[in-house]
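> I have a structure I would like to understand better, so I am pasting it below and will then ask my questions one at a time.
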Amino acid sequence: MSSAKRNLVKLFDRPKELVVMPKGDDNTVFDVPKEYLPEKYKNVGNQIVSRFGEEASGGKIPVTTISIPPLGEILELRRDDNFSLFIPKHRKIAGQLINIYLGMRSVDDLLSVAVYTRDRVNPYLFNYALSVALLHRSDTKNIDLPSFIRSFPDKYVDSKITSQAREEANLVPTGSRTPIEIPKDFTASNLEPEHVLAYFREDLGINLHHWHWHLVYPFEAALEVVNKNRRGELFYYMHQQIMARYNFERLCTGLKRVERFIDWRKAIPEAYFPKLDSAVSSRSYPARVANQKLSNLKRELDQIVQDVDDLERWRDRILECIHSRRVTNPDGTTTELTEFEGIDVLGNMIESSILSPNRDLYGDLHNMGHVFLSYIHDPDHRHLESFGVIGDSATAMRDPIFYRWHAYIDYIFQQFKSILPRYTSEQLNYPGVTVESINVESGKARNTFNTFWQESDVDLSRGMDFQPRGAVFVRFTHLNHQPFNYRITVNNSGKARQGTCRIFMAPKFDERGNPWLFKDQRHMFIELDRFRVDLKQGQNTIIRASTQSSVTIPFERTFRDLDTNRPEGGGNLEQFNFCGCGWPQHMLIPKGNTENPGFRCELFVMISNYADDGVNQDLTGICNDADSFCGVKDRLYPDRRSMGFPFDREPRQGVDTLQQFLTPNMRFQDVVIKFSGKTLRPRQTT
Ligand code: CUO
């Protein structure tokens, strides 16, 4: 990576400190042209520049002076405001800033305009827009972004941690510092029944994945940035899987599935108190107390004047469109929602992205749902409060209402799926291929997944703008599982050929302890892996490690710090970024329970015909670590089937159970998830 590119990444360091201050571990200093300094520092410009210049033990980074495009509305979001991708005005100015960065002719010009804007625009907006631009410019695609938690730990950890970290940094020299512990249960007590799910909702890795997913799939920016292959369908599928996983975890802990938020006039009983402070605004994220109701929004500052009625009108129009299977275009013509592409159109319409076929008619349902919920405490801005955690994709998954809202969004998508033709046995089968056995190998007991708590340490000093410098570790406790292998035997009575192995898992019983009807259980299947297999004639044994999952990225990559965890080699570097997107490996397997023999599940394996699945494209050197949820950068989604196949549609006539659904190329195995309740001692990611 060229030094200009490496230097761009340093702009993400300590976002509240001026750009002229030393950056990076090596204390480099940007040689900022005096005319770039913010107005209030211009008259002391010489002193500032020479003072920090002297501290530049790592050398100076030259910054060329160029003529900067007008920033206009972008500056209307104050530096100490919070920034939300869901608020239309914020998305609009983010789109403008992204376009400025994308429009720069060279990396040097980009560095120059980035240096100029860094201390002028809102820090969250700056980080988001520059990240999107770096991901999408052809000359910066090989730049690795630091994990977002490194720049903004305030969005992930209890606000108390920052003051403890400051104290530690002041008193204890680097090397002797001990990690600061984030207690496992800091947002509520067990008096709140929903609190048992905090380990999932507040998991750092899950929230980082969600932030990164929306960074990779922005819904507003230049068309070439937004218009990715099947992005609307992936919006549906990735969030459907989040819901399936959350419901799975709920059943493990004895709670019932999430109730979709269907009546938008009704009080919401589940409260949430996030205990996060925004480092930028120095304000707390507002709490959502119990039994609040949505109100019409009238927030002039954010340019949001919207009624709950509008949400309802959009919903009705979308449902009408689904049931008529026709979209009305802006010119009044209609287009059919087709069997395979219809879901992609709906994803863009419901989310909504700029690819929505008709935003005037179908509105902005999902995004504005986030906004209505995030302003529930101050709908007309009389208390001058900002939005709650659900208004920000970095923090939204912490709040129980996120899941009730997304359960509703998923319900709309499922309305469409339920009117599609059912898969026939012929479409599901792969004649001559029979799955004969499935085993999970992990520890002593067979077909048992073992889960436990794990402590891990992450250095968050890059987001903490105080002296003295040096690593400041925080220690957090998260779910983890013992690594395992699948051992699958498959008989192929025909010639050598290829298949796609699809592995899913669902709870065996519903919340009442009854066996499932297939039509309900199909929503509960979580994808664990999907990969191509070469089948020779006769008996085949497939062995696959849990760490190879097409859903997850390794722990180190979730929390990556670019100076220490940079992958080797040029080809890999280019794609490292996309790899920041992916479900965290430590959350691959749900928690299970401590009972004997454990939480009972069904592990499902299907070998489908690769001739019907495969996408012919070159993936050499490309990071496709987590392609199930994140796709592959600059390539087609690597599976031609509808996402979620074979569980994405209602079953054929006469199928009431999973057993009846099976064709010979499918099988399921009873398995259990056994949670030990023990806590494993730390591992460290520097
Ligand atoms: Cu990811 Cu609602 O889309 O949060």
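The values are calculated or read from the model by the stated rules, or taken from the named source; none is laboratory data. Not measured: the values here are computed from a predicted model. With ideal geometry, Cβ positions are generated from the backbone for all residues, glycine too; neighbour counts draw on all protein chains shown. Heavy atoms of the whole protein, side chains included, go into the accessibility calculation; ligands, DNA and RNA do not. Shrake-Rupley method; radii C 1.70, N 1.55, O 1.52, S 1.80 Å.
> Quantify, in whole percent, the carbon and sulfur part of the accessible surface of region 257-355 (1.4 Å probe; protein heavy atoms only).
48 percent
> Might you tell me the accessible area per residue for region 193-417, computed with a 1.4 Å probe and given in Å²?
Per-residue accessible area for region 193-417 comes out at 33 Å².
> Okay, next question. Using Cα atoms only, what is the angle between the long axis of helix 342-351 and the major principal axis of the chain, expressed in degrees (0 to 90) to the nearest 10?
Computed tilt is about 40 degrees.
> Where does helix 231-252 land angle-wise versus the long Cα axis of the chain, in degrees 0 to 90, nearest 10?
Around 70 degrees separate the two axes.
> Sort largest first and round to whole Å: the equivalent ellipsoid semi-axes of region 3-140, each the square root of five times a Cα gyration tensor eigenvalue.
Working from the Cα gyration tensor, I get semi-axes of 24, 17, 14 Å.
> Starting from the exponent 0.38 and prefactor 2.2 Å, build the expected Rg for the chain from its residue count and divide its actual Cα Rg by it.
0.96
> Rounded to whole Hz and in sequence order, give me ³J(HN,Hα) for region 148-153 from the Karplus expression 6.51 cos²θ - 1.76 cosθ + 1.60, θ = phi - 60°, writing x for Gly and Pro.
So the J values, rounded to whole Hz, are 4, 5, 6, 8, 10, x.
> Could I ask something else about it? State the percentage of accessible surface on region 168-250 attributable to carbon and sulfur atoms; use a 1.4 Å probe and exclude ligands, DNA and RNA.
52 percent
> Going by average Cβ density within 10 Å per residue, which order do the peptides 218-227, 643-652 take, highest to lowest?
643-652, 218-227
> What angle, in degrees between 0 and 90 and rounded to the nearest 10, separates the Cα long axis of helix 45-54 from the longest principal axis of the Cα atoms of the chain?
Long axis of 45-54 versus the principal axis of the chain: about 70 degrees.
> Now for a different question. Please list 21, 397 from largest to smallest accessible area, probe radius 1.4 Å, with all protein chains kept in place.
21, 397
> Enter the Cα centre distance for the pair region 337-364 and region 589-627, rounded to the nearest angstrom.
Using only Cα atoms, the two centres lie 28 Å from each other.
> Under the definition of Cα pairs under 8 Å and six or more residues apart, what whole-number percent is the relative contact order of the chain?
Once normalised by length, the contact order is 16 percent.
> With just the Cα atoms defining each centre, how far is region 488-555 from region 1-65? Give it in Å.
52 Å
> Sort 439-447, 153-161 by the packing proxy (mean of other Cβ within 10 Å over each peptide's residues), most packed first.
Most protected by this proxy first, the peptides run 153-161, 439-447.
> Provide the descending list of Cα extents for region 407-526 along its principal axes, expressed in whole angstroms.
Ordered largest first, region 407-526 gives principal extents of 67, 40, 34 Å.
> May I pose another question? Leaving out ligands and nucleic acids, note down the accessible area per residue over region 3-140 with a 1.4 angstrom probe, in whole Å².
Each residue of region 3-140 exposes 39 Å² on average to a 1.4 Å probe.
> Would you mind telling me the share, in percent, of accessible area of region 25-71 contributed by carbon and sulfur at probe 1.4 angstrom?
49 percent
> Continuing with the same structure: Give me the percent relative contact order of region 3-140, please, defined on Cα pairs under 8 angstrom at least 6 residues apart.
With pairs under 8 Å counted, the relative contact order is 28 percent.
> Moving to a separate point now. Treating the beta-carbon of each Lys and Arg as +1 and of each Asp and Glu as -1, no other charges, what is the dipole magnitude of region 3-140 about its Cα centre, to the nearest 20 debye?
260 debye
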